[in-house]
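Comments concern the structure below.
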Amino acid sequence: MWQFILIGDMIAMGFMIALVAWMSMKQSKEAQDYCMNIPLFDEEIVGDKHG
């Protein structure tokens, strides 16, 4: 049973790695920089809506 879970996890991780690699090859450098900075500037985007 644990082999089934391990193989499933490896397939899912491989898919996610392939997706990130494919997306990074298709995007421009500026688009990649913008997307990578979204988590860093989330407080500036959201503002004081959380209280």
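The values are calculated or read from the model by the stated rules, or taken from the named source; none is laboratory data. Remember, predicted model here, so these are calculated numbers, not experimental data. Neighbour counts run over all protein chains shown; Cβ positions are idealised from the backbone, glycine included. In case anyone asks, the SASA skips ligands and DNA or RNA and just uses the protein heavy atoms, side chains included. Shrake-Rupley method; radii C 1.70, N 1.55, O 1.52, S 1.80 Å.
Against the condition modelled with pLDDT under 90 and either open to solvent by less than 100 Å² (accessible area, probe 1.4 Å) or assigned to a loop (DSSP other than H, G, I, E, B) (or both), how does M36 come out, does it pass? Can you show your working first?
Values: modelled with pLDDT under 90: yes; either open to solvent by less than 100 Å² (accessible area, probe 1.4 Å) or assigned to a loop (DSSP other than H, G, I, E, B) (or both): no.
Taking the combined requirement at face value, the residue does not satisfy it.
Is there any pair with a first residue in segment 6-24 that is under 22 Å from C35 (Cβ atoms) and a second that is in a helix (DSSP H, G or I) and open to solvent by less than 100 Å² (accessible area, probe 1.4 Å) whose Cβ atoms are under 7 Å apart and which are 6 or more apart or on different chains, and what are they?
S24/Q32
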